[in-house]
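These notes are about the structure you will find just below.
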Amino acid sequence: MTTAHVFIAASLDGFIARTDGSIDWLTPNGADVEDHGFESFFSQMDGIIMGRGTYEKVCTFGDWPFDKPVIVLSRNLAGSTLPSDQDKKVRIWDCSPAEALERVAKEGWMRAYVDGGKLIQSFMREGLIADIILTRIPVILGAGLPLFGPLPEALSLKHIKTSSFPSGLVQSNYEIVP
Ligand SMILES: NC(=O)c1ccc[n+]([C@@H]2O[C@H](COP(=O)([O-])OP(=O)(O)OC[C@H]3O[C@@H](n4cnc5c(N)ncnc54)[C@H](OP(=O)(O)O)[C@@H]3O)[C@@H](O)[C@H]2O)c1
């Protein structure tokens with residue numbers, strides 16, 4: 001079975017984007033020149049499973065940024081034609097998190113990077129997230145798109161380590177206790 005892993009940044013009050021989806025607040029002064037470990041994390045992943053909201057945001061960045069396979073989970077985009085620079089790199093699937101993990105496992109993926117607030121919540125509700133690297137940005141947005149949401153029962157986490165950066169970012173690694 002493919003395991004699912006999260007690397008995400010949130011405001012101190014737990015939002016991953018402003019209500020309008022903007023993420024300009026993610027890199028406070030000095031954060032853009034720090035190594036927060038994303039490349040190291042991403043090098044261990046076989047591909048990304050992302051929500052439609054995150055996919056649509058990435059599409060606004062210009063050239064497609066990922067060199068690994070990307071699965072977008074979406075009902076709305078199922079069957080739509082992808083831009084040519086995403087050809088063979090991106091696939092849209094209309095399926096559940098568990099089915100997505102089963103399908104990528106058949107392709108040989110060992111580890112999937114799961115991205116997008118609603119999608120991460122959905123994976124969590126189904127007990128499918130193995131670990132989380134959560135970077136706290138020193139800002140309180142007051143409102144926005146939440147990282148976490150309702151769960152059928154509380155999830156216990158094992159704290160692995162916490163690091164802080166001169167910019168004020170605080171990064172914690174957790175494993176989900178099965
Ligand atoms: N701070 C960070 O590190 C970070 C990281 C990633 C993203 N973001 C930001 O977060 C925003 C997007 O996050 P989001 O929470 O709004 O959306 P999301 O999780 O990226 O996408 C949610 C959409 O995915 C589709 N989906 C398919 N299967 C699903 C399932 N089982 N559970 C949930 N969704 C499923 C649905 O679209 P359909 O209706 O088409 O099915 C749903 O509306 C963007 O603004 C992005 O920039 C921030």
Shape of the stretch 65-116 from its Cα gyration tensor (a ≥ b ≥ c, root eigenvalues): rounded if a/c is under 1.5, otherwise prolate when a/b > b/c, or oblate?
-> oblate
For the stretch 34-178, alpha-carbon Rg over 2.2 N^0.38 Å = 1.09
In a Gaussian network model of the chain with springs linking alpha carbons closer than 10 Å, the residue among 100, 154, 31 that fluctuates most is 154
Please give the residues of the stretch 23-52, grouped as numeric ranges, whose backbone N is less than 16 Å from a label point set 7 Å along the Cα-to-Cβ vector of residue 165.
-> 23-43
Taking the chain and counting helices only, DSSP H stretches of n ≥ 4 at -39,500 (n - 2.57) each over all residues, the nearest-500 ellipticity at 222 nm comes to -5000 deg cm²/dmol
Search the structure for amide H atoms under 5 Å from the amide H of residue 157, placed 1.01 Å from N in the peptide plane, and list their residues when 5 or more places away or on another chain.
-> 177
By the scheme Lys and Arg +1, Asp and Glu -1, what is the net charge of all other residues having a beta-carbon under 12 Å from that of residue 42?
-> -2
Nearby lysines by direct alpha-carbon distance to residue 88 (threshold 21 angstrom, same-chain neighbours under 8 apart not counted) = 57, 68, 106
Name the lysines eligible as straight-distance cross-link partners of residue 158: C-alpha to C-alpha under 28 Å, and not fewer than 8 places from it in the same chain.
-> 118
Scalar couplings 3J(HN,Hα) for the stretch 143-151 by Karplus 6.51 cos²θ - 1.76 cosθ + 1.60 (θ = phi - 60°), nearest whole Hz, x for Gly and Pro, are 7, x, 8, x, 6, 10, x, x, 10
Write down the accessible area per residue of the chain in Å², having rolled a 1.4 Å probe over the full set of protein chains.
-> 54 Å²
May I ask you to evaluate 6.51 cos²θ - 1.76 cosθ + 1.60, the Karplus curve with θ = phi - 60°, for each residue of the stretch 64-79 and list the ³J(HN,Hα) values in order in whole Hz, giving x for glycine and proline?
-> 4, x, 9, 9, 10, x, 10, 10, 9, 8, 6, 7, 5, 8, 4, x
Measure off, as a whole percent, the carbon and sulfur share of the 1.4 Å-probe accessible area of the stretch 3-176, all protein chains present.
-> 52 percent
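The values are calculated or read from the model by the stated rules, or taken from the named source; none is laboratory data. Here the structure is a predicted model, which means the values were calculated and not measured. Cβ: placed from backbone, ideal geometry, glycine included. Neighbour counts: every protein chain shown. We work out accessible area using only protein heavy atoms, side chains counted, and drop any ligands, DNA or RNA first. Shrake-Rupley method; radii C 1.70, N 1.55, O 1.52, S 1.80 Å.
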